[in-house]
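Contents: one structure, followed by commentary.
The values are calculated or read from the model by the stated rules, or taken from the named source; none is laboratory data. All values reported here derive from a predicted model rather than from experimental measurement. Quick reminder, even Gly has a Cβ in these numbers, built from the backbone with ideal geometry, and neighbours come from all protein chains shown. These accessible areas exclude ligands, DNA and RNA; they are computed on the full protein's heavy atoms, side chains included. Shrake-Rupley method; radii C 1.70, N 1.55, O 1.52, S 1.80 Å.
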Amino acid sequence: MSSESNRLEMIKTMLAENPTDPFLLYAAALEYKKREMTTEAGAIFEQIVRDHPDYLAVYYQYGKFMESIDPERSAELYKKGIELAKKEGEQKTRQELEEALFLLD
């Protein structure tokens with residue numbers, strides 16, 4: 001078993017114990033994305049946005065994920081992330097999201 005397989009299995013095990021933990025969900029979504037398991041990654045990203053709308057890190061990664069699938073949804077995610085970053089005073093994240101939104105157009 002490769003270290004990447006082990007990593008996903010470890011995340012799944014931790015999620016079984018803490019199924020609503022946004023960090024673990026985010027880690028799982030990134031692992032699925034890396035493996036090009038788009039259905040799984042998309043469902044988890046959407047779950048995070050729905051259930052943990054203040055989890056700032058998700059907006060950039062989910063926006064990038066959606067760029068080629070649904071550019072309008074990608075723009076929505078970037079805009080929501082920008083507003084959240086402003087509210088939380090996260091300037092670097094806000095700038096990254098603004099740049100991603102600009103490059104999307």
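For the set K64/K92; K33/K92; K12/K92; K64/K86; K34/K79, the pairs lying more than 22 angstrom apart at their alpha carbons are K33/K92; K12/K92; K34/K79. Evaluated with a Cβ-only charge set (Lys, Arg +1; Asp, Glu -1), segment 25-75 carries a dipole of roughly 140 debye about its Cα centre, given to the nearest 20.
Around the Cα centre of the chain, unit charges on the Cβ atoms of Lys, Arg, Asp and Glu (plus for the first two, minus for the last two) sum to a dipole of about 120 debye. The trypsin sites (Lys or Arg not before Pro) found in segment 1-56 include none that occupy coil by DSSP while having at most 11 further C-beta atoms within 10 Å.
Heavy-atom accessible surface of the chain, averaged per residue, reaches 61 Å², computed with a 1.4 Å probe. Element breakdown for the chain at a 1.4 angstrom probe: carbon and sulfur atoms account for 52% of the accessible area. On a 0 to 90° scale, report how tilted helix 91-104 is relative to the longest principal axis of the chain, with both axes built from alpha carbons and the result rounded to the nearest 10. Tilt relative to the chain: about 80 degrees. Highest average first, the peptides 52-64, 93-105 ordered by how many other beta carbon atoms sit within 10 Å of their residues are 52-64, 93-105. Oblate is the label for segment 5-55. Its Cα gyration tensor axes, ordered a ≥ b ≥ c, give a/c of at least 1.5 and b/c at or above a/b.
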